[in-house]
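The values are calculated or read from the model by the stated rules, or taken from the named source; none is laboratory data. Just so we're clear, the structure is a prediction, and the values are computed from it rather than from any experiment. Note that each Cβ is placed from the backbone with ideal geometry, even for glycine, and that neighbours are counted across all protein chains shown. The protein model used for the area step is the full one, side chains on, heavy atoms only, and it has no ligands, DNA or RNA in it. Shrake-Rupley method; radii C 1.70, N 1.55, O 1.52, S 1.80 Å.
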Amino acid sequence: MRILVQKFGGTSVANPERRVQVAAKVTEAVSQGHSPVVVVSAIGRSGDPYATDTFIKMVSGIYSEVPKREMDLLMSCGEVISGAVMVGTLQSMGLEAVLLTGGQAGIITNNCFGDARIIRIEPEKILHQLEEGKVVVVTGFQGITEDGQITTLGRGGSDTTASAIGVALNAEAINIYTDVEGIMTADPRIVEDAKILDVVTYNDICHLAHQGAKVIHPRAVEIAMQKNIPLRVKCAFSDAPGTLVTNIQPDMAEGSDAISDRIITGIAHTPNVTQIKVNIINEENKTQAVKKIFKGMALADISVDFISVQPEKVLYTVRDELGEKAVNILKNTGFEPEALPSCAKVALVGGGIADVPGVMANMVEALAESGIEVLQSADSHTTIWVLVKKEQMVSAVQSLHKKFQLGK
Ligand code: ADP
Ligand code: MG
């Protein structure tokens with residue numbers, strides 16, 4: 001059996017016309033001899049009646065607190081609706097299809113409601129339906145615990161569903177269909193001349209996705225990489241080849257004009273973070289103080305990022321909505337923190353950064369030329385990060401894209 005996983009995001013299944021286009025992609029796969037497993041997200045985006053965000057809004061701020069278990073039950077409904085509608089669309093186009101929820105498809109997760117991890121997949125049920133000659137539609141973004149509780153996988157989790165199924169079934173490929181033509185050098189909503197990347201490595205895209213390029217979920221890339229299953233990001237409404245994510249170095253991929261001397265793969269951004277600054281200059285035992293700061297965050301389940309420990313101060317970022325909580329914890333443990341909300345992280349990502357001198361200098365120059373203040377910076381062998389004010393984020397991404405000529 002030549003299994004092909006095809007995942008369609010919320011905008012791809014947003015209305016009947018689009019769903020017909022999606023179904024045509026499935027028909028095409030069948031006519032090419034594939035057995036498709038179709039993973040769907042909930043229909044539409046925030047504001048649409050059956051979108052996940054709409055369900056969240058129905059309860060958030062209205063009731064004091066809906067338990068996480070029940071929130072997951074609520075959030076898992078969008079994909080069920082979408083999946084049933086997709087089966088209807090496929091049937092109307094002459095394909096025999098069946099819908100399996102995450103649990104029915106054998107996607108077993110841990111019990112971390114809202115952000116569950118897939119522990120394993122029991123592929124027998126999907127395989128059985130495929131062997132019967134049916135197109136199997138699977139609800140994205142959800143699974144089931146060992147004791148039968150429905151869980152969700154966190155935002156963007158349908159990508160993870162697709163990859164995990166692809167790996168479990170040893171699929172020929174995993175195609176992630178979305179509303180853009182592929183993975184680009186920056187978010188095309190921000191950078192007009194962002195360029196489609198023909199071929200990229202799992203590693204590069206993983207970094208880019210971790211830094212905020214929401215075109216694909218980083219976990220989905222990590223999972224596909226485990227078994228080296230080719231991952232393609234394609235547009236649901238065109239025949240363009242999209243982006244191939246694989247293990248091969250771009251310059252070795254046959255038939256690709258991908259750039260062999262590519263230093264930078266792309267630029268990603270994450271808005272809505274708060275910078276926290278804690279003065280430790282007067283602390284007698286600095287190591288102990290640093291430990292106390294981060295232990296406080298960990299105990300409150302606040303994930304921290306962009307950490308910089310200096311002799312006189314400690315800097316780090318948290319998501320905006322956790323800023324106040326973080327500050328209160330620090331104050332209660334005897335520190336005097338300063339918080340700067342509404343910042344954004346901009347990351348320049350590329351496997352070649354470490355080997356080429358002057359990348360940082362060019363980055364600083366580009367930002368200075370555009371009058372952008374760098375609040376904090378850090379680098380690794382594949383990424384350089386800067387923290388800027390949120391209102392300067394778009395301009396920062398655009399000026400870096402131009403400086404490094406990523407649109408060419
Ligand atoms: P889906 O609903 O199909 O999962 P998403 O909204 O999650 O779609 O992802 C697609 C969006 O990702 C695009 O509309 C685009 O604005 C955004 N995006 C961010 N960074 C990139 C990038 N580097 N390349 C392509 N798209 C990107
Ligand atoms: Mg997505």
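Rolling a 1.4 angstrom probe over the protein chains, ignoring ligands and nucleic acids, what is the accessible area of C77 in square angstrom, nearest 10? Estimated to the nearest 10 Å², C77 gives 60 Å².
Fully extending the segment from V309 to I56, taken as 0.36 nm per residue of separation minus the present Cα-Cα distance, adds 87.3 nm.
Computed from Cα atoms, the angle from the helix 16-31 axis to the main principal axis of the chain rounds to 70 degrees.
Counting only residues at least eight positions apart within a chain, or on another chain, the aspartates and glutamates with an alpha carbon under 12 Å from that of K277 are E312, E336, E338.
Between 0 and 90 degrees, the angle of helix 286-299 with respect to the longest Cα principal axis of the chain falls at about 30 degrees. For S342, the residues whose amide H sits under 5 Å from its own are V273, ignoring neighbours fewer than 5 places away on the same chain, with H placed 1.01 Å from N. The residues of the chain present an accessible area of 46 Å² per residue when probed at 1.4 Å with all protein chains retained. If the segment from K389 to E124 were pulled out straight at 0.36 nm per residue, it would be longer than the present Cα-Cα gap by 90.4 nm. Using the Cβ of A213 as centre and a radius below 13 Å, the other residues enclosed give a net charge of 0, where K and R count +1 and D and E count -1.
Of all DSSP bridge pairs formed entirely within the stretch 3-179, close to 25 percent run antiparallel. Taking M360, M58, M225 in turn, the Gaussian network model of the chain (Cα-Cα springs below 10 Å) assigns the largest fluctuation to M58. Distances between placed amide hydrogens fall under 5 Å for T109 paired with I119, I144, T145, E146, all partners being 5 or more residues away or on another chain.
Students often get this wrong, so check it: of K57/K390; K57/K292; K57/K214; K234/K345; K125/K227, which have C-alpha atoms separated by over 30 Å?
Result: K57/K292 exceed 30 Å.
Counting heavy atoms of the protein chains alone, M86 has an accessible area of about 0 Å² for a 1.4 Å probe. Extending 7 Å from Cα along the Cβ direction at V66 and again at I81 yields two label points whose distance is 1.2 nm. Springs join every pair of Cα atoms under 10 Å in this Gaussian network model of the chain, and among S76, S377, S92 the largest mean-square fluctuation is at S92.
Of the solvent-accessible surface of the chain, computed with a 1.4 Å probe and all protein chains present, 51% belongs to carbon and sulfur. Taken as Cα centroids, the stretch 15-84 and the stretch 324-375 sit 35 Å apart, rounded to the nearest whole angstrom.
Among V38, V397, V364, the largest mean-square fluctuation in a Gaussian network model of the chain (Cα springs under 10 Å) belongs to V364. Roughly how many Å is it from the Cα centre of the stretch 280-313 to that of the stretch 187-248, as a whole number? Using only Cα atoms, the two centres lie 35 Å from each other.
Couplings for the stretch 214-221, taken from phi via the Karplus curve 6.51 cos²θ - 1.76 cosθ + 1.60 with θ = phi - 60°, read 7, 4, 8, 7, x, 5, 4, 5 Hz in order; Gly and Pro are left as x. Axis of helix 77-92 versus longest Cα principal axis of the chain: the two differ by about 30°, to the nearest ten degrees. Note on the chain: antiparallel DSSP beta bridges, both residues inside, total approximately 60 percent of the bridges counted. The candidates R262, R189, R155, arranged from most to least accessible area with a 1.4 Å probe in the full protein assembly, appear as R189, R155, R262. Under the criterion of Cα pairs below 8 Å and six or more residues apart, the relative contact order for the chain equals 13 percent. The charge dipole of the chain, taken about the Cα centre with unit charges on the Cβ atoms of Lys, Arg (+1) and Asp, Glu (-1), comes to about 420 debye, rounded to the nearest 20. For the stretch 357-366, putting each phi into the Karplus relation 6.51 cos²θ - 1.76 cosθ + 1.60 with θ = phi - 60° gives couplings of x, x, 5, 4, 4, 5, 5, 4, 4, 4 Hz, in residue order, rounded to whole numbers and with x for Gly and Pro. Residues in the stretch 328-333 carry Karplus couplings, in order, of 4, 4, 4, 4, 5, 9 Hz; the curve used is 6.51 cos²θ - 1.76 cosθ + 1.60 with θ = phi - 60°, and Gly or Pro positions show x. Sorting Y63, Y50 on solvent-accessible area from highest to lowest, probe radius 1.4 Å, gives Y63, Y50.
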